[in-house]
Amino acid sequence: MLTRDRGLLKRRRVTHGLYVRSQEPVEQAVEVVRRLHLSGRLAPFTRCLRCGGELDPVGKAEVIDRLEPLTRRHHHAFQRCTGCGNVYWRGSHHPRLAAVVERIRARV
Ligand SMILES: [Zn+2]
């Protein structure tokens, strides 16, 4: 468990916990990666945000019925969660997220 709540970490049910000192999200990510020695295991954009399942490439034809019209028109590469089936593509937010990842990578 990653938390800023020391009370949660003291509960008996929590067997593995880490208190995160920073209150700023990028700094929190840097702190967690450093303290848990995860820098060699970073794999951004490979896990589902909903369930944590692995993402696999999937053909557009297989997911086209689940896409909004503008997504159908402008995007051609998709991934699907092997756990929950959620579909992902590199939308307009992707460059901003990739920049955040690079900020973290540069510091770990
Ligand atoms: Zn999922």
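The values are calculated or read from the model by the stated rules, or taken from the named source; none is laboratory data. Just so you know, these numbers come straight off a predicted model, no measurement behind them. FYI the Cβ positions are ideal-geometry reconstructions off the backbone, even for glycines, and counts take in every protein chain you see. The protein model used for the area step is the full one, side chains on, heavy atoms only, and it has no ligands, DNA or RNA in it. Shrake-Rupley method; radii C 1.70, N 1.55, O 1.52, S 1.80 Å.
What to note about this one:
- Between 0 and 90°, nearest 10: helix 25-35 axis offset from the chain longest Cα axis: 60 degrees
- Dipole magnitude (debye, nearest 20) for the chain, charges at Cβ of Lys, Arg, Asp, Glu: 500 debye
- You can think of it this way: the chain between Met1 and Ser92 has 29.6 nm of extra reach, that is 0.36 nm per residue less the Cα-Cα gap.
- Trypsin sites (Lys or Arg not before Pro) within segment 49-108: DSSP coil, no more than 16 neighbouring Cβ in 10 Å: Arg50, Arg90, Arg107
- Percentage relative contact order, the chain, counting C-alpha pairs under 8 Å, at least six apart: 22 percent
- Solvent-accessible surface ranking, highest first, for Leu2, Leu67 at 1.4 angstrom: Leu2, Leu67
- In this structure, Thr71 and Leu42 have a Cβ-Cβ separation that, at R0 = 30 Å, corresponds to a calculated FRET efficiency of about 0.65.
- Loop-resident sites, segment 36-102, for chymotrypsin sites (Phe, Trp or Tyr not before Pro), counting at most 14 other Cβ within 10 Å (DSSP): Phe45
- Taking the charge dipole of the chain about its Cα centre, with +1 at Lys and Arg Cβ atoms and -1 at Asp and Glu Cβ atoms, the residue from Val26, Leu9, Gly53 reaching farthest to the positive side is Leu9.
- In segment 49-108, the inverse of the mean reciprocal separation of distinct Cα atoms equals 12.9 Å; this is its Kirkwood hydrodynamic radius.
- Cα gyration tensor shape of the chain, rounded if a/c is under 1.5, else prolate or oblate by comparing a/b with b/c: prolate
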